[in-house]
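First the structure, in the form of structure tokens, and then the observations on it.
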Amino acid sequence: MKLEMRDAPGQLVAALKPISDLGGNIIAVIHQRDPGSRSEVLGVQIVLDLPQDRLSDLTDLIRSQGVNILRVNEERLLCTRAVIMIGHLIHTDLGGTVDAIDRTGFAEVTGLTIRMPAIDQRSSARFTIRSVNREHMEDAIAILRTVAREKGLLMIEPMGVSQ
Amino acid sequence: MKVAILGMGSVGKGVASVLSSKDLGVMVTGVADSRSGLIDPDGINIGALLATKRSTGLCGSAGITAMDVVRGAPYDILIEVTPTDAVSGEPALTHIRTALTMGRHVVTSNKGPIVHALHALRSLAASKGTSIRYEATVAGAIPIMHTLADGLAGNEVLALYGVLNGTCNYILTRMAAEGLTYEQALLEAREMGYAEADPTYDVKGIDAAIKLVILANTIWGTSSCLKDVEVRGIDLVTLDALQLAEDQGCTIRLIAEADPSNRILRVSPRILRSRHPLVTEGTLNAITLVTDLAGEITLMGKGAGSVETASAIIGDLLAIRSRYGRCD
């Protein structure tokens, strides 16, 4: 979210404290001060991770501190990974493979690129998966791993999910 | 220091020629290949030995066996570089046990005995006041065992990731770089001498899995074996899959992974960013160790080759000499 606050001691803390009070996780704080500006108003961008249902509480709390909220961009699924599957993808119920992730509620297949060289040859597909956080990404990939094993598909996982 | 060499293939010849060309104070008193042997307490002339091997295919007399050399040659260190039998570890396992029981040190590049009986062989060596070293079994010239034992002493290794099979890495590199199919790249690897006539052992990930077991058992003192590793090879990887990875600035490599806290021991093709430290070109090997003190350390180098593997064996020989004295 993008905030506007008075350039005075304690203002940034006043804006950040409600986030941790509500169990949120601050990912980044971008604090831009224009050296030429004599304005007493400061723009701050905060990237944070917060349960969906607490967002309006947070904006109320921040506003009650006298901080003006200019913009809130919601992005529910913050973690993105790509997985490649090789095999007879279409004939092993591709929709079901996608659905195994979509029905979790914490992860979604947001992109699918398939290459099918010929009807009797194995196809290759890149699944773009987005999830709420890294732990959920691990869970989503574990689900796909099981699906791949059951359907006899080769799954190529990305490095760096679990470590 | 006197050594006997069992095995006169690529590695054995590499070791012999390095010992004759560098003045390391090492004398070869016994050699054997699968069909012949030679013992000379005053030191074998390596130049003549290699010439005989080249012209006749034998390194000595047909009546002298490898076990005759193990039992009869006057050596301090046995260099066991016969071909790997991953199923039984034999006959190398018997050669090594015999030498250790006789109170001799052993240096080997043979994965069979190490994957089967590492802890038993170490205990036997300890009980006889000798040692067994096997730097050359994993990742060729990369000094991974020395790094673990000396350079990273005091560190806890939390996990490791490695490119441990040069043949697979070559095939994947060529598919990505030239747009070759798996079959075309495999054919090229054979022509270049990087793949065996029967490439199963390499392309199915078995060779990488054996090396992973050796590393894991060395680092964590476990007794894992090949069947504990979840193994997927590269033989089903398509050019399409590599191109799908490339579209996103990534590529595919066969990665061996050991992560005991998550109970992971597996070899599988993985998607990596193209600039990831484990994305090596051609037959190069690489290993990343994740440690508590040093953080991540990545070693990269030649994973195979006559002189490159000899480098690992010579390193072990000289390490034994500096630890146990000159062995004269």
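No lab work stands behind these numbers, since they all come straight from the coordinates. Because the structure is predicted, anything quoted here is derived from the model rather than measured. When we count neighbours, we look across all protein chains shown, and the Cβ atoms used for this are built from the backbone with ideal geometry, even at glycine.
Measuring spread by the Cα atoms of the protein assembly as shown yields a radius of gyration and Dmax of 28.9, 97 Å.
Would you tally the net charge around B:I264, using a Cβ to Cβ cut-off of less than 14 Å, leaving B:I264 out, and scoring K and R as +1, D and E as -1?
The answer is -1.
Give the angle, between 0 and 90 degrees and rounded to the nearest 10, that separates the Cα long axis of helix B:166-178 from the longest principal axis of the Cα atoms of chain B. The angle comes out near 40 degrees. Counting charges near B:L254 (Lys, Arg +1; Asp, Glu -1) among other residues having Cβ under 9 Å from its Cβ returns a value of +3.
Exposure proxy shown here: for A:L70, B:L272, B:L186, A:L55, the number of other Cβ atoms within 10 Å sets the order, fewest to most, as A:L70, A:L55, B:L272, B:L186.
Net charge of the neighbourhood of B:A141, taken over other residues with C-beta under 13 Å away and scored Lys/Arg +1, Asp/Glu -1, is -2.
Maximal additional length on extending the B:T52-B:S21 stretch stands at 9.4 nm, based on 0.36 nm per residue less the C-alpha distance. Using the structure shown, list the pairs from B:K2/B:K227; B:K53/B:K204; B:K128/B:K204; B:K128/B:K302; B:K13/B:K302; B:K13/B:K227 with a Cα-Cα distance above 29 Å, or answer none. Those over the limit are B:K2/B:K227; B:K53/B:K204; B:K128/B:K204; B:K128/B:K302; B:K13/B:K227. For chain B, the longest principal axis of the C-alpha atoms and the axis of helix B:182-191 are separated by about 30°. Once the Cα-Cα distance is subtracted from the 0.36 nm per residue extended length, the A:S20 to A:I119 segment shows a gain of 30.2 nm.
Tell me, which longest segment in chain A has none of the GluC sites (Glu not before Pro) that fall in DSSP loops with at most 12 further Cβ atoms within 10 Å?
Value returned for the longest uninterrupted segment is A:76-163.
The tail of the calculated P(r) for segment A:45-163, taken as Cα-Cα distances beyond 22 Å, holds 45 percent of the pairs. Put a dot 7 Å past the Cα of A:T59, heading toward its Cβ, do the same for A:A8, and the two dots end up 2.5 nm apart.
How much length would be gained if the chain were fully extended between B:Q184 and B:Q243, taking 0.36 nm per residue of separation minus their Cα-Cα distance, in nm to one decimal?
This chain segment gains 19.6 nm when fully extended.
Within the same chain, aspartates and glutamates fewer than 8 places from A:K151 are excluded, and of the rest, those with a Cα less than 13 Å from its Cα are A:D93. If you plug the beta carbon distance of B:V87 and A:T128 into 1/(1 + (r/R0)^6) with R0 = 35 Å, you get a FRET efficiency near 0.25. Site pair B:M192 and B:T101 shows an inter-label distance of 4.4 nm when each label is modelled 7 Å from Cα along Cα→Cβ. Going by C-beta contacts inside 10 Å, put A:D102, B:D42 in order with the fewest on the left. Fewest-to-most Cβ neighbours within 10 Å comes out as B:D42, A:D102. DSSP beta bridges fully contained in the protein assembly as shown are about 80 percent antiparallel.
I need the calculated FRET efficiency for the pair A:I90 and A:E138, taking r as the beta carbon distance and R₀ as 30 Å, to the nearest 0.05. Efficiency at R0 = 30 Å is approximately 0.65. Between the helical axis of B:306-324 and the longest alpha-carbon principal axis of chain B there is an angle of about 60 degrees.
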